[in-house]
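The values are calculated or read from the model by the stated rules, or taken from the named source; none is laboratory data. Quick caveat: nothing in here was measured; it's all calculated off a predicted structure. All Cβ positions, even for glycine, are placed from backbone atoms using ideal geometry, and neighbour counts span all protein chains on display.
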Amino acid sequence: MLSLYTAQAQSAAEQWLSQTSGGHVQSVDFQSNELHINVQVPDDRPATDSLMSTLDSQLPGGVTVVVNSSVGTSVTAGRTG
């Protein structure tokens, strides 16, 4: 199941960044009960509301989503469920 959740999160993150010029997903991985999405962005990353909305419907409840960007910021986007 973990590989399915990772693939779904990768797809959701790619869709989320698709409107960001020069943005792409570097990696997506689970660390304990956290999902880490590492992204390459030219400036600030976009708001995470739409990403969390998508992940809420694809992942089990209780997963903390952390977005790490190439500009050195890390944000907890939210928790599923």
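Quick notes on this one:
- Looking across the range 60-81 at every residue that is assigned to a loop (DSSP other than H, G, I, E, B) and in contact with an Asp or Glu (Cβ under 9 Å, 6 or more places away or on another chain), the one that is farthest from residue 34 (Cα to Cα) is identified as 71.
- Residue 45 being basic (Lys, Arg) and within 17 Å of residue 27 (Cβ to Cβ): yes
- Qualifying positions in the range 42-81 - charged (D, E, K, R), farther than 22 Å from residue 2 by Cα and touching a residue at least 24 places away in the same chain (Cβ under 8 Å): 43, 44, 45
- Residue count for the range 11-41, restricted to those that are free of Cβ contacts under 8 Å to residues at least 24 places away in the same chain, more than 19 Å from residue 76 (Cβ to Cβ) and not in a strand (DSSP E or B): 6.
- Filter result for the condition that a residue is out of contact with any strand residue (DSSP E or B) (no Cβ under 6 Å at 6 or more places or on another chain) and either crowded, with 17+ Cβ neighbours inside 10 Å or modelled with pLDDT of 95 or more (or both), over 69, 53: 53
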